[in-house]
Amino acid sequence: MTVSRTFRTSDLAKAAQVGVQQVRNYEADGLIPPAERAANGYRQYTRQHLVALLTAQKLVAAYGVKRARDVMQAMQRGQFAAALALIDEHHAGLAGQRQQLERTLAALGTLAAQSPSAHSRHARRLRVGEAAQEAGVRVSAVHFWEQQGLLQPVRDRSSRYRLYDEAQMRRLRVVALLREAGYD
């Protein structure tokens, strides 16, 4: 004789160390399968629900609610390859972000290692268009970064043009690198 053990919502919550409402929310969000209802209308959870809840908690912590829901629903449909593909896709995205950060850190290290040239006092100062072109960004981006206080170009006394010296060009390159890396 097989005894089928069911859990109340409070039992499941206690086992997973979450609140009762959190269990209901996970069910409503599709993170765990829908529970059967007893004659009195109460939810009846099984060991499968407990395993799903514990798994969903870990997935939410690692991947966020949306990705965890997608993975859990694929698992509930028996689409294990699809669930693993979703996880692999997320890992590939993280690997790409890590590579971008490593490139940015390397570029920042290179910029930091560059010392101002001995003749920087007499170095040519670039107008905003030239500075933007050299940094590989649009003029509007340079203007915006100046408005945000990230750049402080000097102004030509007669023309009032913005002029970027070597120090401001280094700052501009750093800001452009950070922007490219996703730091807004």
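The values are calculated or read from the model by the stated rules, or taken from the named source; none is laboratory data. Nothing here was measured: the structure is a model prediction, and the numbers come from that model. Reconstructed Cβ throughout: ideal geometry from the backbone, glycine too, with neighbour counts over all protein chains shown. Calculation scope for accessible area: heavy atoms of the full protein, side chains included, ligands and nucleic acids excluded. Shrake-Rupley method; radii C 1.70, N 1.55, O 1.52, S 1.80 Å.
Is the range 68-89 home to any residue that is open to solvent by 40 Å² or more (accessible area, probe 1.4 Å), touching a Pro at 6+ places or on another chain (Cβ under 7 Å) and not β-branched (Val, Ile, Thr)? Checked the range 68-89: at least one residue is open to solvent by 40 Å² or more (accessible area, probe 1.4 Å), touching a Pro at 6+ places or on another chain (Cβ under 7 Å) and not β-branched (Val, Ile, Thr).
All conditions but one from (1) farther than 25 Å from Ala113 by Cα; (2) modelled with pLDDT of 90 or more apply to Asp156; the one that does not is (2).
Mind checking whether some residue in the range 8-24 is among the basic types (Lys, Arg), open to solvent by 40 Å² or more (accessible area, probe 1.4 Å) and part of a loop (DSSP other than H, G, I, E, B)? Show your work before the answer.
Restricting attention to the range 8-24, the residues satisfying the condition of being among the basic types (Lys, Arg) are 8, 14, 24.
In the following step, the residues that additionally are open to solvent by 40 Å² or more (accessible area, probe 1.4 Å) were identified as 8, 14, 24.
After this cut, where a residue has to be part of a loop (DSSP other than H, G, I, E, B) as well, the list is 8.
Checked the range 8-24: at least one residue is among the basic types (Lys, Arg), open to solvent by 40 Å² or more (accessible area, probe 1.4 Å) and part of a loop (DSSP other than H, G, I, E, B).
For the range 25-56, a tally of residues being surrounded by fewer than 11 Cβ atoms within 10 Å (Cβ to Cβ), in a loop (DSSP other than H, G, I, E, B) and either touching a strand residue (DSSP E or B) at 6+ places or on another chain (Cβ under 7 Å) or among the hydrophobic types (A, V, I, L, M, F, W, C) (or both) returns 1.
Taken together, Arg124, Arg173 contain a single residue that is surrounded by 12 or more Cβ atoms within 10 Å (Cβ to Cβ) and either in a helix (DSSP H, G or I) or not β-branched (Val, Ile, Thr) (or both), which is Arg173. Listed by first and then second residue, the pairs with beta-carbon distance under 6 Å, at least 6 apart or on different chains, first residue in the range 137-157 and β-branched (Val, Ile, Thr), second modelled with pLDDT of 90 or more, are Val139/Val128; Val139/Gly129; Val139/Ala132; Val142/Val128; Val142/Ala132; Val154/Leu163. When Ala16, Ala92, Ala35 are checked against the criterion of being under 30 Å from Val174 (Cα atoms) and outside the structural domain of Val174 (by the TED database), a single residue qualifies: Ala92.
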